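The structure under discussion appears below in the form of structure tokens.
The values are calculated or read from the model by the stated rules, or taken from the named source; none is laboratory data. Fair warning: this is a prediction, and the values are worked out from it, not measured in the lab. Glycine gets a Cβ as well: all are built from the backbone with ideal geometry, and neighbour counts include every protein chain shown.
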Amino acid sequence: MREEPLARVDVVLPCLDERGALPWVLSRIPAGYRPIVVDNGSCDGSAELALELGAFVVREDRHGFGAAAHAGLLAATADYVAFCDCDGSLDPAMLPALLAPVMEGTADLVLCRRRPQRGSWPVHARVANAVLAWWLRRLTGESVSDLGPMRAARRAELVSLGLEDRRSGYALEMFVKASLRGWRIAEIPVAYAPRTGRSKVTGTLRGTVTAVLDMYVQLIALSRGLRSRPLLSSPQSGPARGGRATGN
Ligand SMILES: Nc1nc2c(ncn2[C@@H]2O[C@H](COP(=O)(O)OP(=O)(O)OP(=O)(O)O)[C@@H](O)[C@H]2O)c(=O)[nH]1
Ligand SMILES: [Mg+2]
């Protein structure tokens, strides 16, 4: 990885009742990276614990993954921003590997491709994710195989996407808008471990249904965007510097 002495990275950690996972997650944040824990109305003392552990804590009262993730993005000030779940399923020590292509200028958005460990990813969620990725490959031509929540990009460019979803469609909306703008999107494999604490999405009917509905809305938006693509992919519309990064 090329040395970038002036580069700083803010790590957005959306957090809803993740007290059990916080100590490990924060202990794995790479040196020089700033953890931004976005407390989304936790009742278990997550915010207080995160503060005690030295994290920068932001409060977002509006419930929803997207609301928390976006509050963290808006609170970030570094040149580069990374996202990581705060439930112990993803190791923040992997973040430099995701940041490297962005810092080196070979990708505009880097996603994680989850390598599930036993018990980490329920079958229904894996199947749904694989079908979604297949559709996205067909529609966009991107070599995406997962829409993993650990990701990295330049902060100003992420803000410029104007993300609007505040629930479970946030990560997909980011991919859709980035793709429509011609961003170079890459994937890096990371281990996906069983989460610490109770599942909120994949392990619950309500979370699963909400996620499916939110993603459906984004797929509709993608279809509309593709129909007016010549307009959206004009040279002024994004950071694309020609050519797509291949997933690796
Ligand atoms: N689901 C959910 N997660 C939130 C919310 N606010 C913050 N988060 C955090 O967002 C991250 C991702 O949410 P998870 O609940 O792990 O979602 P998931 O990984 O898709 O599914 P499970 O791990 O099976 O629950 C975690 O760190 C949550 O604590 C919210 O309103 N809903
Ligand atoms: Mg999780």
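Looking across the range 175-206 at every residue that is farther than 19 Å from T106 by Cβ and among the hydrophobic types (A, V, I, L, M, F, W, C), the one that is farthest from ligand 1 (Cβ to nearest atom) is identified as L180.
Based on what the data block shows, is E104 without any contact (Cβ under 8 Å) to a residue 24 or more places away in the chain, surrounded by fewer than 23 Cβ atoms within 10 Å (Cβ to Cβ) and more than 17 Å from K200 (Cβ to Cβ)?
Details: without any contact (Cβ under 8 Å) to a residue 24 or more places away in the chain: no; surrounded by fewer than 23 Cβ atoms within 10 Å (Cβ to Cβ): yes; more than 17 Å from K200 (Cβ to Cβ): yes.
Considered against the rule, which asks whether it is without any contact (Cβ under 8 Å) to a residue 24 or more places away in the chain, surrounded by fewer than 23 Cβ atoms within 10 Å (Cβ to Cβ) and more than 17 Å from K200 (Cβ to Cβ), E104 comes out as no.
Return the residues of the range 62-80 that are within 10 Å of ligand 1 (Cβ to nearest atom) and either hydrophobic (A, V, I, L, M, F, W, C) or more than 19 Å from T208 (Cβ to Cβ) (or both); say none if nothing qualifies.
Taking the range 62-80 as the starting set, the residues that turn out to be within 10 Å of ligand 1 (Cβ to nearest atom) are 62-69, 71-72.
Within the range 62-80, R62, F65, A67, A68, A69, A71, G72 meet the criteria.
Filtering the range 1-30 down to residues that are of a type in the set (G, A, S) and modelled with pLDDT of 95 or more, which residue is surrounded by the most Cβ atoms within 10 Å (Cβ to Cβ)? Result: A21.
How many residues does the range 7-21 contain that are within 7 Å of ligand 1 (Cβ to nearest atom), closer than 11 Å to A50 by Cβ and in a loop (DSSP other than H, G, I, E, B)?
So the count comes out to 1.
Restricting attention to the range 64-85 and to residues that are within 16 Å of ligand 2 (Cβ to nearest atom) and assigned to a loop (DSSP other than H, G, I, E, B), the residue that is surrounded by the fewest Cβ atoms within 10 Å (Cβ to Cβ) turns out to be G64.
Give the residues of the range 138-160 that are in a helix (DSSP H, G or I) and at pLDDT 95 or above, sorted by residue number.
Within the range 138-160, the subset in a helix (DSSP H, G or I) is 138-140, 155-160.
R155, A156, E157, L158, V159, S160 - these are the residues of the range 138-160 that are in a helix (DSSP H, G or I) and at pLDDT 95 or above.
Would you point out which residue out of W121, W135 is part of a loop (DSSP other than H, G, I, E, B) and among the aromatic types (F, W, Y)? First the steps, then the outcome.
Working: W135 fails: part of a loop (DSSP other than H, G, I, E, B).
That would be W121, the only listed residue that is part of a loop (DSSP other than H, G, I, E, B) and among the aromatic types (F, W, Y).
Is there a residue in the range 125-143 that is more than 15 Å from the chain's Cα centre (by Cα), within 16 Å of ligand 1 (Cβ to nearest atom) and under 22 Å from G32 (Cα atoms)? Checked the range 125-143: no residue is more than 15 Å from the chain's Cα centre (by Cα), within 16 Å of ligand 1 (Cβ to nearest atom) and under 22 Å from G32 (Cα atoms).
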